[in-house]
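Presented below is the structure to which this report refers.
Laboratory data are not the source of any read-out in this text; all were calculated from the coordinates shown. This structure is a prediction, so every number in the text was calculated from the model and none was measured. Using ideal geometry, Cβ is built from the backbone for each residue, glycine included, and neighbour counts are taken over all protein chains shown.
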Amino acid sequence: MSDQVKKIRAPFDETTARSLRAGDRVLISGTILAARDAAHKRLVETLDRGEPLPVDLEGAVVYYVGPSPARPGHAIGAAGPTTSGRMDAYTPRLLKQGLKGMIGKGYRGPDVIKAMEELGVPYLAAVGGAGALIARSIKKYTVLAYEDLGPEAVAAMEVEDFPAIVVIDSLGGNYYEAGQAPYRSI
């Protein structure tokens, strides 16, 4: 992991998405989407019906989060990451719709990693258990689709210096595996 922190903007363009490497620490500013498994399921069902998606995924970065209610004067409550594997069944399909980055926690399945490599998409991790701290980087939260899902709705989040680590890059580099390698011989 580099000691340097990269400041990047979301949505991601092709160059940004493909330039990130496993182990990079980043601070993201711009607009990212919030969505969890119920919203992902609906998005894929919409595609299955041949209907247009309610949000444009081209270049989008999605944060797997179900935030708690906002306290007065705050855009959002605690906003810790959801386990990313819960979205794996839907992810390859959404990557093909232009999604260019994902933020969550935990491992991804082989089908997701293969699609990431084919389409040039990185997977980043946010620190689990740090939801209150992460929420400080979220300046605005606006529901875009599936409002009936409450905290699992698709929302746009304006973020400033949102902290994350690239754990799987678009070339298949995997920080989880690299980080564990020195300990396998113990």
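Counting pairs of Cα atoms in region 13-172, how many percent are more than 29 Å apart? Write down the numbers at each step before the final one.
Values: 1276 of 12720 pairs.
In whole percent, the share of Cα-Cα pairs in region 13-172 beyond 29 Å is 10.
For the residue pairs 7/100; 7/96; 96/140, the alpha carbons lie more than 22 Å apart in 7/96; 96/140. Taking 18 Å as the straight-line reach from the Cα of residue 139, the aspartates and glutamates in range (excluding those fewer than 8 positions away in the same chain) are 158, 160, 161. The relative contact order of region 13-172, computed from alpha carbon pairs under 8 Å that lie at least 6 residues apart in sequence, is 36 percent. Charge dipole of the chain (Cα centre as origin; +1 on each Lys and Arg Cβ, -1 on each Asp and Glu Cβ, all else neutral): 440 debye, rounded to the nearest 20.
Applying a DSSP loop filter and a limit of 10 other Cβ atoms within 10 Å to the GluC sites (Glu not before Pro) in region 1-108 leaves 58.
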